[in-house]
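For reference, the structure is listed below as structure tokens.
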Amino acid sequence: MTNADERTTLVREVRHRLAQEGPPWTRDHEGDFETVTVPERHCDQLRDLMVCEGVEKVVEVGLAYASSALAIGEALATINRPLPRHVIIDPFQEREYSNAGWDLLCSAGLDSIATLMLAPSSIALPQLLTEGFIADAAFVDGSHRFHEVFVDLYFLRKIVRPGGLIVIDDDWWPSVHTAVHYYERNLGWTVIPDAFPGETIGVGPQGRQAARCKAFRLPDPSFEPSFEDFHTF
């Protein structure tokens, strides 16, 4: 077994244990892990999508108990590109989650490729942009307030390379969906069909049944529309 195989096996073991037993520590809220974490099935789909894309560098907004971060880490370990990097942004990881998610990533050996930024995404993302960081994909599961989602996506479209992926969790929430819809309508983001197949889990805007996660392909080449071409959303 190669080192890459051993690394992938370890990540899978930590992921399976987290899904079956939950994290070693949770906040004092009833059902907190089940409420805030991305379910294992959706994490498997996220992993598979990242593997199919052959990603090497990923930005993730929101860590919590690390279910999605471990799935992305498994994808990076499976792909085994030369310089993998996983930048995770979560200002609450230390003070709200007692580093529960980060500790799980470390136990899976992923701290060798992962970086945790404890600043709000509205500060961390501009910092990455200033540093010239270019990602192949992003996973967004931070604040669900419209204005904060909108700002996350504004910077991520500048950080993720043309033709790359941006995956949104909880697209069925009206605040999240509305922010994303602007980028669909005005900036050429296209949905990747069947990226997250399976039963729907909620009712979205205008009563529309919706899946939890949605994946978008950024246009290649990227472009800036004229202000005269604005489409309401």
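The values are calculated or read from the model by the stated rules, or taken from the named source; none is laboratory data. Bear in mind the structure is a predicted one, so any value in this text is a computation, not a measurement. All Cβ positions, even for glycine, are placed from backbone atoms using ideal geometry, and neighbour counts span all protein chains on display. What goes into the accessible areas is simple: the full protein's heavy atoms, side chains included, and nothing from ligands, DNA or RNA. Shrake-Rupley method; radii C 1.70, N 1.55, O 1.52, S 1.80 Å.
Remarks
- Positions within the stretch 91-150 being among the β-branched types (Val, Ile, Thr) and closer than 23 Å to residue 46 by Cβ, in sequence order: 113, 115, 134, 140, 149
- Any hit, the stretch 169-186, residues being modelled with pLDDT of 95 or more and in a strand (DSSP E or B): yes
- Extreme residue, nearest to the chain's Cα centre (by Cα), among residues of the stretch 212-224 that are surrounded by fewer than 19 Cβ atoms within 10 Å (Cβ to Cβ) and not aromatic (Phe, Trp, Tyr): 217
- When 155, 150, 139 are checked against the criterion of being open to solvent by 30 Å² or more (accessible area, probe 1.4 Å), under 28 Å from residue 77 (Cα atoms), of a type outside the set (Val, Ile, Thr) and not in a loop (DSSP other than H, G, I, E, B), a single residue qualifies: 155.
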